Amino acid sequence: MKNTALQRPQPVRWDHGTLYLLDQTRLPLETVIDPYTTVEQVWDAIRRLKVRGAPAIGIAGAYGLVLAMRSQQHLTHEDFLAQLDTQAAYLDSARPTAVNLHWALQRLLRQARQLHQQPVPEIYQALEQTAIQIHAEDRQLCRRIGDHGRPLIKTGMGILTHCNAGALATAELGTALAPLYLAHEAGVSFRVYADETRPLLQGARLTTWELQQAGIDVTLICDNMAATLMAQDCIDMVIVGTDRVAANGDVANKIGTLGVAILAQYFQIPFYVACPLLHHRLRHPSGEAIVIEERAQDEVTHLGQRRTAPVGMAVRNPAFDVTPHTLVGADHRARNLAASYGETLRAGLWPRSSRRLNQRFDASY
């Protein structure tokens, strides 16, 4: 068997109290890893997409809260917990749609409250250990998603993905790309088609870069080319990640996912969403309740520093759209309604019902 040893980027690293983030705004032309020592720096990195992808944002946010509280260990219990709440709310404001950030911060807050009778330095140490645990759990979770999705990947397949839900977006392997990494490692030959993913080109800049680094056959396409490739029978399945899932199974993911899902339904191509169960928000009855982040106009009017639209042009720039559960699958909806996500990390790969495939794959630990 040929050598398919995986080479994966490490977007988040914690080393002796310093957070290191791979600056994804500078990929693929530069590989720059910057140190972070303050909560303000971490907030800015999350907001400016230096670290992005829901799981990676959650991990970085957890470490950011630890950094925020390092200098607060002299406070009384009451003041320490009050400051912890303030700093968590500040970090949570960086990106509103990706659920992992809120989830990770709330997990640290609960940990601190449970230890409120312990000395403040011990509470701080527990916060750091919880952040490290969140990081480690995401590695395991991505591996589980990869293990359960790997049987879907067959020799000769053409696989379309949108945005970046790979190693750059998580602790390791990714969600949508995890099955592809493990299939490649097992010697399966397939081709990935990566949507460029306007306006910030996460597919062109990030997905193609990390798959190319791993030696996986990847072809870049512009967003409006997907329908043509499907019509030409180049695409056998679609797999994407998600930032948040409503109780009925509606899925919020990078803008453009809805269009891909509609195309997949028309051409009867299996459409998969790979995500951890913690992305499921039962308090959101449907996708209409999910808050969608609206980003800066210049992300649409400019390519890099170059303006490509008339001055004064009105712009809409939602970062995400919502794909109805009917395009993902009824099994997905039933699973969400029945499951308790809480502290249990679980993963699912659910296909939309189609004449090609009507099965459900899930994983838990």
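The values are calculated or read from the model by the stated rules, or taken from the named source; none is laboratory data. These numbers come from a predicted model, not from an experiment. So basically every Cβ, Gly included, is an ideal-geometry build from the backbone, and we count neighbours across all protein chains shown.
In this structure, does I262 turn out to be out of contact with any Asp or Glu (no Cβ under 6 Å at 6 or more places or on another chain) and either among the small types (G, A, S) or in a helix (DSSP H, G or I) (or both)? Break it down stepwise before answering.
Working: out of contact with any Asp or Glu (no Cβ under 6 Å at 6 or more places or on another chain): yes; either among the small types (G, A, S) or in a helix (DSSP H, G or I) (or both): yes.
Judged against the criteria, I262 is a match.
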>> Quick check on this structure: which one of V39, V32 is in contact (Cβ under 8 Å) with a residue 40 or more places away in the chain and more than 16 Å from the chain's Cα centre (by Cα)?
In response: V39
> Could you list, in sequence order, the residues of segment 306-329 that are under 18 Å from A247 (Cβ atoms) and assigned to a loop (DSSP other than H, G, I, E, B)?
Replying inline: P324, V328, G329
>> Against the definition (out of contact with any strand residue (DSSP E or B) (no Cβ under 6 Å at 6 or more places or on another chain), surrounded by 23 or more Cβ atoms within 10 Å (Cβ to Cβ), assigned by TED's automatic domain parsing to the domain that holds I269 and closer than 30 Å to Q111 by Cα), how does T170 come out, yes or no?
In response: yes
> Based on what the data block shows, is R70 outside the structural domain of R244 (by TED's automatic domain parsing) and under 21 Å from the mean Cα position of the chain (by Cα)?
Replying inline: no
> Could you count how many residues in segment 151-172 are more than 19 Å from the chain's Cα centre (by Cα) and on the phi < 0 side of the Ramachandran plot?
Replying inline: 7
> Scanning for something modelled with pLDDT of 95 or more and among the hydroxyl-bearing types (S, T, Y), does segment 231-246 turn up at least one residue?
Replying inline: no
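Quick grid of which residues meet (1) farther than 25 Å from R8 by Cα; (2) β-branched (V, I, T); (3) surrounded by fewer than 24 Cβ atoms within 10 Å (Cβ to Cβ):
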position	(1), (2), (3)
L206	no, no, no
L220	no, no, yes
A226	yes, no, yes
M237	no, no, yes
V240	no, yes, no
R244	no, no, no
>> For the structure I just gave you, tell me whether G215 is closer than 12 Å to R8 by Cα and surrounded by fewer than 22 Cβ atoms within 10 Å (Cβ to Cβ).
In response: yes
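Among the residues of segment 104-119 satisfying the criterion of being of a type in the set (A, V, I, L, M, F, W, C) and surrounded by fewer than 20 Cβ atoms within 10 Å (Cβ to Cβ), which is nearest to P318 (Cα to Cα)?
So the first thing to find is which residues in segment 104-119 are of a type in the set (A, V, I, L, M, F, W, C), and the list is 104-105, 108-109, 112, 115.
Restricting the remaining residues to those that are surrounded by fewer than 20 Cβ atoms within 10 Å (Cβ to Cβ) gives 109, 115.
Numbers: L109: 30, L115: 40 Å.
It comes out as L109.
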> Restricting attention to segment 123-158, which residues are part of a helix (DSSP H, G or I) and among the basic types (K, R)?
Replying inline: R139, R143, R144, R150
> When you look at R52, is it of a type outside the set (A, V, I, L, M, F, W, C), surrounded by fewer than 23 Cβ atoms within 10 Å (Cβ to Cβ) and either free of Cβ contacts under 8 Å to residues at least 24 places away in the same chain or not assigned by TED's automatic domain parsing to the domain that holds A167 (or both), yes or no?
Replying inline: no
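In segment 159-215, what residues are among the charged types (D, E, K, R) and not in a loop (DSSP other than H, G, I, E, B)?
Within segment 159-215, the subset among the charged types (D, E, K, R) is 172, 185, 191, 195-196, 198, 205, 210.
Scanning segment 159-215 gives E185, R191, D195, R205, E210.
With the condition being in contact with a helix residue (DSSP H, G or I) (Cβ under 9 Å, 6 or more places away or on another chain) and either at positive phi or of a type in the set (K, R) (or both), I'd like the helices (runs of 4 or more DSSP H) fully within segment 1-99 carrying at least 2 qualifying residues.
On the way: elements: 39-47, 54-70, 77-92.
No helices (runs of 4 or more DSSP H) qualify here.
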